[in-house]
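Read the structure below first, then the notes.
The values are calculated or read from the model by the stated rules, or taken from the named source; none is laboratory data. Keep in mind that what you see is a predicted model, and the values were worked out from it rather than measured. Every residue, glycine among them, receives a Cβ derived from its backbone with ideal geometry; neighbour counts consider all protein chains shown. Note: areas computed on protein heavy atoms with side chains; ligands, DNA, RNA excluded. Shrake-Rupley method; radii C 1.70, N 1.55, O 1.52, S 1.80 Å.
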Amino acid sequence: MIALALLLAAAIEYSAPLKQFVGAVGKDGKPVLTQGQLHTLDGLPEHTRELLSTAIDNQIIGSAKHLGILLSVDMPAQSLALVAQDNCVLCHTDPGNVKARSLFSPDPKVSNSNPLLNLTEFVNDTHFRQGLSCSGCHGGTPKDESMANEIAQRWPSDPGLRHADRTWIPGFCARCHSDPAFMRGFSPAMPTDQLVKYQQSKHGTLLLGEHDSKAAQCVSCHGVHGIRGAKSRNSKVYAQRIPETCGTCHADAQYMAGYKNVNGDPLPTNQLAQYKLSVHGKALLEKGDLGAPACNGCHGNHGNNVAATAVAVASFSQACRTCHPTNASLFEASKHKKAFDEHQWPACEQCHGRHQIMKPTDALLANEPGALCFDCHAKYSKENLACGKTAAHFKGALTQLGEGKAELSGTVEHLAEAGLDVEPLTGVIGELSEAVVQTRTRVHSFDQGTFDSAATPGLETLARGRKLVADARAEHGFRRKGLLMAIGSLLLLASGLAFKIRGLGSRASDDEKRP
Amino acid sequence: MSRAFDWLDKRYGLTPLVDFLKHKEVPVGGHSMVWYYLGGTTLFFFASQVCTGLLLLLFYQPGEATAYESIRFITTKVPFGWLVRSLHCWSAHLMIVSLIVHMFSTFFLKAYRPPRELSWVTGFVLFMLALGFGFSGYLLPWNELAFFATSVGTDSMKAVPGIGDWLLQVLRGGTDVSAQTLYRFFALHVVALPLITVGLVGGHLLFIQRQGMAPAMGTHVARRGLRFFPDFLLRDLLLWLLCLILLATLAVSLPYGPGLPGVEWELGKKANPLAPAYPGIKPEWYFLWVYQLLKEFPPHILGMEGPQAAILLVSVMLGIWAAVPWLDRRAQRDESSTAFSDLGVAAILFVGYLTLKAWDIGGKGLKVPDTFAVARATSIITVIVAAAIFALRRFAYQHRFFLLSGAATLQIALHGFLRVSYLNAGIVSVLLIAAGFAYLRLRPGPSVPPRLGVAP
Amino acid sequence: MPDEGCPLKKKRSRRGFIDIMLGLGFMGSTASVVYPVLRYLKPLGPSGAQGPMKLTKEDQAKLEREHMLIVRSGTTRILVFEDGQQKLRALDARCTHEGCTVQFVPGESLIWCACHNGKFDLDGRVLSGPPPRPLAQYSCTREADGSLVVNTDRKKEEA
């Protein structure tokens, strides 16, 4: 093995410092660097190996083991080149140089070090890859061979102290991120209004106004050493991961104890659970539909506005309107708009809920206690009797359409297996699905005429579908009958033939009998 | 009627022919009668293929944009189009089933012995042609299933030594399966193969008419016969009517096939060359054994590529099968030849096992079933069948030669129960056969042929 | 002949019965085969196999009135409309998000899906909203006699 390593070293012509480490042998007699690590080393471009060699020469890469750790992390060559030029990273990844609590390692769990110091995450950090390394935030320069005290003092080692006051964090990140001229050099399309929005948000007012360090700031959601862009699947703020990121605090009853909403009630912590059951939650988390809103879809990103104040009421429904414009505009033209405004009710949320928005069913419309419309009207609008009839009409039509669609869909497979042509029927079912969607949407006008403009064609389509099914069944019956008739004739012919054969046989034997 | 006959007779001398036909007889006796009808049923199904095929041809349009659509048109818009297509598909499978049973029955009855060698050879070629019909016809609907099955099937052509690549390109009309493949397969299926088949069937029938059907072993001329016209023919027609009833019932009740993998023909989705093959793709059932055998070979073996070795093996096996009339010396002498009956049983076990395995029986319906679970389950089934056949032969027919079928069963048992790889188990079996033959050759004393008259 | 009489007469009447069976059976079987074949052979009306789809006169009139038309071909829905340069376009009318039927908004020169506010440009590319993929394009041509034909085979991707 050593010979092979030396041979390889000879083949690639390592510089002296590298050769020394490549050939290093541990106390147990086995080489320190594994085959995999040597393979990585050989695969590097020449100048990256030179950088490593220089670092070894300067004794910043302190041992073969240290080199091995660097080579074992899965990163592209250019990231390794960045690492090799950054003394901060080099020192802090050397287990022989720093204590466990300050050790940057590929897997903090294994090396028992600070979970934030994850080397594997760090090499994928977007700041690091753009060239902003440790020194960019912590101070000093990458060429420093030792760390000044003031750098250490900035980040106190005691976690209690560290978490005691986090009010400085938003301003710190904003040094760069609120500077459009600076950010233009890195990511021209990225917005630079995060701090302004944050300052006006609830998290911002809590942290910056009331010095409550429990409130979320940049690091809470984006992380610190493994920050990735929101489009990356591994980012804490990737669409599908946002609910769990927000839920880290907002679903933790203990953490949220003591916080109250605008009315003085304690803030609920069931939003995440409710969201996961909702249409939006299922669409985003289970179906993978990235068009479905996560928390930030309605609450915004940095300027989250959760307070249900009078001002905010209208703004809430606007959030729904971004994706559901037809329902919103129908509602605004309806009788309910005035009524809701008088009661100061938020439009969509009042009926559909807030976090646990379920797929609306026709049960909402039933004209009996327990149904949403009935209960609300019984309480607030007893004098409008016509509404009950309208609701019944809505429900009746929608039930017909829904049941009709289920009935038709159920027969499609049967008919297809029987060999009948189901394409027109499949087309009709598609039309019917759409009719259902359009009809349901028009419920929001709360006007029979508007509703019927979609319901009536829908019912016609249903009738067409039923006729297609009847025709198909008739065709099936015709085929069966035809088969039976054909078999009947064939059997008749066959039996006649059988008798004929028997007759021939007996005649033959008769012939034989005759002298 | 007789005036028309006299008119023709004066011009073409029909009387000797009619006399010959009047006195033609089919050998009768024993249980073998039933098997004599199977050639006729195969012919009946072939005839129904020609008729339904002709009807389909009136509407079918080969071509990437029209093949699938025209078949959809036939099955949905043309009156009784669904029936014609369903009949065509069912009749194809029934024809091949009938052909295989016919082939094995003539094999076991040793109808190939002199003077009927060429009947066997033409029959063998007809078998290959029937498989060709099945393969070429399968692509014509240009749906997903057909497209991938054809890609996989034609791919195995690469394994033919020497001309492999050339053959692949000629078959496919290019490097990949495309519209060109469709045109070529269409020409094959509708013109080339029918012409050759009709010619060969004519030859095959001519031989049989001229020589008469083979009598049972041990006799050169049948003791008693059934007149061909009208007795045998009427019985033949009756059976054909019953086949027609079966065919019609199946075509109407199960228009898309019995629902077994490799035996279904729902039109499904149109072929999309850019889409990945869907899992569970399998060729038609009569190709499953070759498909499975290809899977059992490693990528490289004995200096050849695995598929090449597999194709070579299959070719050798088929070659032996075709040459049986000349290999079976004892049958030539009209002596009981249990060794060759054994060969037939071995062939059934070999092909049957591979086919069952290709159906993933015992795989519990998983997408990627555990191969050893499948091997075990199929081995259990096959070994039970092998035992039943053994018992039948030993006690009902007093056969004593079980070397070949025993070796086949051994391979199946080793693979299924002891997890030996299929190839290694095969090598063990081949060694067993070699040892067996060596023993038979070298053992002292003349081998006493069993008494004549004992059924082979 | 002395052996004549009952047995032979019986045989004759039995033979007659068998002949009737044969006759009826033969006719019925022949009819069962010939009837479907004859119906199969008779050519159908002008609607042939799927492929290019000619728009009916009513469809064309509707297109002129409302500047937009949705036609069905089997289970495919196609949106036909005229763009700003009087050119006829055809796109798949099924939104790539949840499958709702889209509509043409001539004032804004875009295709809009009312279900979740998805917007497409006139080439079918997604402008905003949740749809993950663009709409497929179909070619739509004006024939010599002035009628419109939509080719239901997907248009090949332009290089």
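Toward the positive end of the charge dipole of chain A, with +1 on the Cβ of Lys and Arg and -1 on the Cβ of Asp and Glu, the farthest Cα among A:GLY62, A:ASN327, A:ASN301 is that of A:ASN327. With an a/c value of 1.5 or above and a/b larger than b/c for the gyration tensor axes a ≥ b ≥ c computed over the alpha-carbon atoms, the stretch B:14-81 is described as prolate. Across peptide B:338-351, the average count of Cβ atoms from other chains found within 10 Å of a residue's Cβ is 0. Peptide B:251-258 has a mean of 4 when you count, residue by residue, the C-beta atoms of other protein chains within 10 Å of its C-beta. Compactness of chain B was expressed as the Cα radius of gyration divided by 2.2 N^0.38 Å, which yields 1.07. Taken about its Cα centre, the protein assembly as shown carries a charge dipole of about 4500 debye when Lys and Arg each add +1 at the Cβ and Asp and Glu each add -1 at the Cβ. Based on the alpha-carbon gyration tensor of chain A and its eigenvalue square roots a ≥ b ≥ c, which shape applies: rounded if a/c is under 1.5, prolate if not and a/b is larger than b/c, or oblate? It is oblate, given that a/c is not under 1.5 and a/b is not larger than b/c. When shorter helices are ignored and each DSSP H run of at least 4 residues is given -39500 (n - 2.57), the per-residue value for chain B at 222 nm works out to -20500 deg cm²/dmol.
Rounded to whole numbers, the Karplus 3J(HN,Hα) couplings from phi for the stretch A:379-389 are 7, 10, 9, 4, 6, 8, 6, 4, 4, x, 5 Hz, using 6.51 cos²θ - 1.76 cosθ + 1.60 with θ = phi - 60°, and x at Gly and Pro.
Between the alpha-carbon centres of the stretch A:34-49 and the stretch B:296-337 there is a gap of 53 Å. The protection proxy used here, the mean number of other Cβ atoms lying within 10 Å of each residue, ranks peptides B:285-294, C:77-86 as follows, highest first: B:285-294, C:77-86. Can you work out the PRE-style zone for A:LYS214? Point 7 Å along Cα to Cβ, and I want the residues of the stretch A:243-264 with backbone N under 18 Å. Only A:246-264 pass the distance filter. When chain B is described by a simple charge dipole with +1 on each Lys and Arg Cβ and -1 on each Asp and Glu Cβ, the residue from B:PHE340, B:ALA434, B:GLY225 located farthest towards its positive end is B:GLY225. When only alpha carbons are used to place a centre, the stretch A:361-377 and the stretch A:76-99 end up 65 Å from one another.
Ordering A:80-89, B:304-313 by mean Cβ neighbour count within 10 Å, with the highest value first, yields A:80-89, B:304-313.
Under the combined filter of DSSP loop state and at most 13 neighbouring Cβ atoms within 10 Å, the stretch A:380-470 retains these GluC sites (Glu not before Pro): A:GLU383.
Using the Cβ-Cβ distance between B:GLU266 and A:ASP252 with R0 set to 51 Å, the FRET efficiency from 1/(1 + (r/R0)^6) comes to roughly 0.45.
If the segment from A:ASN234 to A:ALA152 were pulled out straight at 0.36 nm per residue, it would be longer than the present Cα-Cα gap by 26.5 nm. Considered as an equivalent ellipsoid built on the Cα gyration tensor, the protein assembly as shown has semi-axes of 75, 48, 26 Å, the largest given first. Once the C-beta distance of B:ARG227 and B:THR76 is scaled by a Förster radius of 56 Å, the resulting FRET efficiency is 0.70 to the nearest 0.05.
Shielding value for B:62-72 is 3, the average number of Cβ atoms from other chains within 10 Å of each residue's Cβ. Within the shell defined by Cβ-Cβ distances under 12 Å, the residues around A:ALA319 carry a net charge of +1, with Lys and Arg each +1 and Asp and Glu each -1. For chain A, the 222 nm mean residue ellipticity estimated from helices alone, with every DSSP H stretch of n ≥ 4 adding -39500 (n - 2.57) and the total spread over all residues, rounds to -18000 deg cm²/dmol.
Each label was represented as a point 7 Å from its Cα along the Cα-to-Cβ direction; for B:LYS367 and B:LEU313 these points are 3.0 nm apart. Applying 0.36 nm per residue to the separation of B:ASP19 and B:TRP7 and subtracting their alpha-carbon distance, the gain on full extension is 2.6 nm. Working from label points 7 Å from Cα in the Cα-to-Cβ sense, the A:GLU46 to A:THR322 distance is 5.3 nm. Using a cutoff of 8 angstrom between alpha carbon atoms and counting only pairs six or more residues apart, the relative contact order for chain B works out to 18 percent.
Work out the FRET efficiency for C:THR75 and B:VAL125 from their Cβ-Cβ distance, taking R0 = 51 Å, and round it to the nearest 0.05. In this case the efficiency is close to 0.65. Stretching B:ASN424 away from B:LEU58 to a fully extended chain increases their span by 126.6 nm, per 0.36 nm per residue minus the current alpha-carbon distance.
For the chain pair A and C, buried accessible area totals roughly 2200 Å², probe 1.4 Å, rounded to the nearest 100. Spin-label model, A:ARG480 to A:LYS359: label points 7 Å out along the Cα-to-beta-carbon direction sit 3.3 nm apart. Under a model in which nothing but the beta-carbon of Lys, Arg (+1) and Asp, Glu (-1) is charged, chain B shows a dipole of about 1120 debye around its Cα centre.
Each Lys and Arg adds +1 at its Cβ and each Asp and Glu adds -1 at its Cβ; summed about the Cα centre, chain A shows a dipole of about 1100 debye. Projecting the Cα atoms of B:PHE133, A:THR40, B:THR175 onto the charge dipole of the protein assembly as shown, computed from C-beta unit charges around the Cα centre, puts B:PHE133 farthest toward the positive end. Highest mean packing first, where packing is the average number of other Cβ atoms within 10 Å per residue, the peptides C:55-66, B:230-241 line up as B:230-241, C:55-66.
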